[in-house]
Amino acid sequence: MAFTPLDRNGIAARCAQDIPEGWLVNLGIGIPTLVADFVPPDREVIFHAENGVIGVGPAPATDAVNPFLINASTTHVTLRTGGSYVHHADSFAIARGGHLDLCVLGAFEVAENGDIANWARSADEPVKQVGGAMDLAIGAQRLWVVMEHTTKDSEPRLRRRCTYPLTAKGVVKRVYTNLAVLDVTPDGFVVRDMIPGMTLEALQARTEAKLA
Amino acid sequence: MAFTPLDRNGIAARCAQDIPEGWLVNLGIGIPTLVADFVPPDREVIFHAENGVIGVGPAPATDAVNPFLINASTTHVTLRTGGSYVHHADSFAIARGGHLDLCVLGAFEVAENGDIANWARSADEPVKQVGGAMDLAIGAQRLWVVMEHTTKDSEPRLRRRCTYPLTAKGVVKRVYTNLAVLDVTPDGFVVRDMIPGMTLEALQARTEAKLA
Amino acid sequence: MIDKFVRTMADAMTGVADGSTILLGGFGDVGIPTPLLDGLIEQGARNLTIVAVAGGRDGSAIERLLSLGRVRRLICSFVRPASLAGRLFQRGELDVEIVPQGTMAERMRAAGAGITGFYTPTGADTLLAEGRETREIGGKLCLLEYPLPGDVALIEAWQADRWGNLTYRDSARNFNPVMAMAAKLTIVMTRNVAALGELAPETIVTPGIFVNRVLHVPL
Amino acid sequence: MIDKFVRTMADAMTGVADGSTILLGGFGDVGIPTPLLDGLIEQGARNLTIVAVAGGRDGSAIERLLSLGRVRRLICSFVRPASLAGRLFQRGELDVEIVPQGTMAERMRAAGAGITGFYTPTGADTLLAEGRETREIGGKLCLLEYPLPGDVALIEAWQADRWGNLTYRDSARNFNPVMAMAAKLTIVMTRNVAALGELAPETIVTPGIFVNRVLHVPL
């Protein structure tokens, strides 16, 4: 049976469905940032940005940009009514202190034990781009990953063990890919949802880790 | 020759003379709190209180008490123009982080090596009253002590070594008593100033440590 | 719609369990959420650990809680020997842990900030360090301190909105913002209610993300 | 009278020594005190260590400082490989220390708060922990981190008064308040000047006690 993988917006929209009202959520750069666009405005989800913004709102109209207000991806945003500002140490106190209900990050790889690799493609890479990912990964109540199911070269990203340097160990709770939604459980990846036309066999063929 | 020991206000006033404009100063409870009364209002000294007040001003008029504004001695105060508020952790970050130019504390004893004892009269005392003294003593750029030169029973308070449990080691820089002003130096106590009629011999007779 | 306001004291105190650690804001008589403590007395939780700057004076809400035998342990920076807490401690009826005030504030901040331990020179050279881990850092003897988290924080605020954003009045700020971030369940009494958006974003001291319940208790 | 305002950029930069560690506020293009960095370039200090969130984009003030060979070491949370900092590092002409962004902020806060070391799970399970001290606390592997103090902090503020009290506009707050408390010499450029007492005491974000010099640089 034929299937059409989700595009970036499709992955983000699928993830957004599962975020309930009232959660405090940090969105990483890339596909995660798109998630906010798919949370209906009347569902009060509070988005946190590492640079100290609590209550990140949608992008401003082009004629109403506030040059002093950006998100962690350094793009211009608005502040939602009820939002506030903190400094960088307090902002990461929020992330590291367990106050985020959810963090959504992109990744190169996720392993069946919940390990995540998203900051370097090899230990020898000369310049590393850590940013705030390690702080967010260890601190949030739940870490969800949104990413393509495989690399551009069709290499699997859902691994028995990560092959790239780790960002954090055993922290990923769920993965949203362009093909499926998978929970990370003590027994490894459990498929919760697949796109129309996808079969467990076809998904397993694109996944290194054993699926249940 | 006869001499008249300073009273509590006299000790405080003598100490106040030596505080220059622009310093950030924390005053402990007791005689230290009186020091503020003797700094002329046009000399801008910024008084810090542990409960998060930066720029403590004089006591309010009795008909203008703000019930939400107290100092670390829990007495009602005013806020000086330019003052601000921080929370308790930030307030002690100021104290412990080396931002106080000066802390003035009372003490039971000070030793010639700069040790201070001001929180318990014996190791067996069942209930200790530490408060913020240990934080202040280790953190300030300078710790000055104001106290009576001897106890009510004429026991010396300026010691070779403290006999009471320590608040902090090697931190006192100067002592203002009702009889003299003494610096704590690598060579021990050095007398800087004495009240009229006091002699070095008479002062030494009231001091356990050797005076220079 | 996020709405952290509760209508009654009973709602505010729902689920506070026996054996809880209660972080109690305030310094002197300022910023103490006395009505919430009265609510806690009414609610009935027992075997509590109270974290507060001091052991409570005569007539204080802490003293009432102590007099009812509801407190097992007190963590504070000082206890007056002549106070009820002092007498109970001397009779062996109350555990007391004395913590330097700055260390106490910092331990709660650490709990709220995900810091699992820290070193400080405060108290390292004193009796309070006996039998505990120290190390020399940069030529200074330092004491290893651990976070001090709460099950519940009781907080007094000046203004609050329905997201739980808070401001404080003057020196009533004190321990309140730190405790709000250090507890699993932060219960606030506010003197004033603000509409969402009424508090300027730059002036909010405690973002509502640290707050679970808000009760309006007018002055 | 306390007056922390200086009249000229040269006055603001007086005494910044070769070899200094410079804490540089800002995140993205917001809250970066670019005019002060230009002033530092003019002033001439060399062999600098720069602490900033990132290694600087093309055309940024950090890149200008790098291109002049004035930076020996960069402490930041990421460097783009294609940036000048990335290229200098790969050619061995620049030391780079990569620090997780939250750890970086917390290390500066520790420096300002007198915390001589702290434990955090951040990075403990990663390459960044190799050869470093870890310990398990509460079942979590934690990494020991040390304070990150500055000789100089360069700060952008929105409002300042003569005591050096500061407010920030929107997300321009970011690293600025933390860096202001972590440096021996904190140099501020403010977009607006306030009379003493004009800033409401409850709304001051950085008390002037953390500030040494303020230069008015209008928008």
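Brief remarks follow.
- Any hit, the stretch A:54-75, residues being under 20 Å from the mean Cα position of the chain (by Cα) and under 30 Å from A:Arg160 (Cα atoms): no
- Residue within the stretch A:128-136 that is surrounded by fewer than 16 Cβ atoms within 10 Å (Cβ to Cβ) and either under 13 Å from the mean Cα position of the chain (by Cα) or of a type outside the set (Gly, Ala, Ser) (or both) present: no
- Filtered residue count, the stretch B:132-155, keeping only those that are within 14 Å of chain C (Cβ to nearest Cβ), over 11 Å from B:Gly98 (Cα atoms) and not in a strand (DSSP E or B): 3
- Of the set (1) within 26 Å of A:Val175 (Cα to Cα); (2) hydroxyl-bearing (Ser, Thr, Tyr); (3) crowded, with 22+ Cβ neighbours inside 10 Å, all apply to A:Thr75 but (3).
- Only one of the numbered conditions (1) free of Cβ contacts under 8 Å to residues at least 60 places away in the same chain; (2) in a strand (DSSP E or B); (3) away from chain B (no Cβ under 14 Å) is violated by D:Thr186, and that is (3).
- In the stretch C:1-54, the residues that are basic (Lys, Arg) and either within 14 Å of chain B (Cβ to nearest Cβ) or over 18 Å from the mean Cα position of the chain (by Cα) (or both): C:Lys4, C:Arg7
- For the stretch C:194-219, residues that are in a strand (DSSP E or B), within 14 Å of chain A (Cβ to nearest Cβ) and among the hydrophobic types (A, V, I, L, M, F, W, C) total 1.
- Residues of the stretch C:81-128 that are within 7 Å of chain B (Cβ to nearest Cβ), in a loop (DSSP other than H, G, I, E, B) and not hydroxyl-bearing (Ser, Thr, Tyr): C:Pro81, C:Pro100, C:Pro121, C:Gly123, C:Asp125.
- Residue in the stretch A:55-71 that is farthest from the other protein chains (Cβ to nearest Cβ), counting only those that are under 20 Å from A:Leu24 (Cβ atoms) and of a type in the set (A, V, I, L, M, F, W, C): A:Val56
- Filter pass, A:Gly52 being crowded, with 24+ Cβ neighbours inside 10 Å, over 21 Å from C:Val205 (Cα atoms), within 14 Å of chain D (Cβ to nearest Cβ) and not β-branched (Val, Ile, Thr): no
- No other residue among B:Ala12, B:Ala36, B:Ala93 is small (Gly, Ala, Ser), more than 28 Å from B:Leu179 (Cα to Cα) and part of a helix (DSSP H, G or I) apart from B:Ala93.
- Among residues of the stretch D:60-95, those that are modelled with pLDDT of 95 or more and among the β-branched types (Val, Ile, Thr), counted: 2
For (1) of a type outside the set (A, V, I, L, M); (2) in contact with a helix residue (DSSP H, G or I) (Cβ under 9 Å, 6 or more places away or on another chain); (3) surrounded by 16 or more Cβ atoms within 10 Å (Cβ to Cβ), each residue gets a yes or a no:
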residue: A:Cys162; (1), (2), (3): yes, no, yes
residue: A:Leu179; (1), (2), (3): no, yes, yes
residue: A:Val184; (1), (2), (3): no, no, yes
residue: A:Phe189; (1), (2), (3): yes, no, yes
residue: A:Gly197; (1), (2), (3): yes, no, no
residue: A:Arg206; (1), (2), (3): yes, no, yes
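- Number of positions in the stretch C:171-192 that are surrounded by fewer than 20 Cβ atoms within 10 Å (Cβ to Cβ) and farther than 21 Å from A:Glu21 by Cβ: 2
- Among the residues of the stretch D:129-142, those identified as touching a strand residue (DSSP E or B) at 6+ places or on another chain (Cβ under 7 Å) and either buried (at least 23 other Cβ atoms within 10 Å of the Cβ) or within 7 Å of another protein chain (Cβ to nearest Cβ) (or both) are D:Ile137, D:Cys142.
- All positions within the stretch D:93-140 that are under 17 Å from A:Gly139 (Cα atoms), over 18 Å from the mean Cα position of the chain (by Cα) and of a type outside the set (A, V, I, L, M): D:Phe118, D:Tyr119, D:Thr120, D:Pro121, D:Thr122, D:Gly123, D:Asp125, D:Thr126, D:Glu136, D:Gly138, D:Gly139, D:Lys140
- Residue tally, condition more than 14 Å from chain C (Cβ to nearest Cβ), of a type in the set (Ser, Thr, Tyr) and part of a loop (DSSP other than H, G, I, E, B), over the stretch B:156-201: 2
- Odd one out for C:Arg57, checked against (1) more than 10 Å from chain B (Cβ to nearest Cβ); (2) touching a residue at least 24 places away in the same chain (Cβ under 8 Å); (3) out of contact with any strand residue (DSSP E or B) (no Cβ under 9 Å at 6 or more places or on another chain); (4) not in a helix (DSSP H, G or I): (1)
The values are calculated or read from the model by the stated rules, or taken from the named source; none is laboratory data. A quick note: this is a predicted structure, and the numbers were derived from the prediction, not measured. So basically every Cβ, Gly included, is an ideal-geometry build from the backbone, and we count neighbours across all protein chains shown.
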